[in-house]
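What follows is calculated from the coordinates using simple rules that are stated; it is not laboratory data. Predicted model only: the values in this text are computed from it and were never measured. Neighbour counts run over all protein chains shown; Cβ positions are idealised from the backbone, glycine included.
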Amino acid sequence: MKKIFAFIFGLTVLCNVANAGDIYDETFDSIYEAQKVYYDLDRELGRVYHELRRYLDYRGREVLKASEKAWISRRDHRCAFPETHSVNIECAIRETRNRLFFLRERLQECRSYGCRIELF
């Protein structure tokens, strides 16, 4: 009876360890995926930003640059926590996605009927 109990106990421990490994794998996979999503959004944001700059004169590029710096500051204020050296990746994804959407709209306006830099 003791052998059966020891076997069942050992099997239970092994199952819990295996399940804990799955949880950790899922956690790290989700971190990796979120990071990949963020990097892809950030790369696309950079591409759209540079394409938009091509439509602007000197003043427009300066306004866009100032707007981008202000956005980066807001994003960092909302999503980064310097005291713990951490970033809320979901917040960073949301903020970057919103900025990308905004810049795509400005790019479409520039292509369609001209740039309105007061919107940056």
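May I ask you to derive the FRET efficiency for Lys36 and Leu119 from their Cβ-Cβ distance with R0 = 35 Å, giving the value to the nearest 0.05? Before the final figure, lay out the partial values.
Working: r = 31 Å, r/R0 = 0.88.
About 0.70, to the nearest 0.05.
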The range 33-82 - Rg (one decimal) and Dmax (whole number), Cα, Å: 13.0, 38
Computed label-point distance, nm, for sites Arg97 and Asp57 using a 7 Å Cα→Cβ extension: 3.8
Residue-wise HN-Hα coupling along the range 56-68, computed from phi with Karplus coefficients 6.51, -1.76, 1.60 (Hz; x: Gly, Pro): 9, 7, 4, 4, x, 5, 5, 5, 4, 4, 5, 4, 5
Note, ³J(HN,Hα) from phi for the range 103-112, Karplus 6.51, -1.76, 1.60, rounded to Hz, x at Gly and Pro: 5, 5, 4, 5, 5, 4, 4, 4, 5, 7
Total charge dipole magnitude, the range 54-118, about the Cα centre, Cβ charges on Lys, Arg, Asp, Glu only, Debye to nearest 20: 220
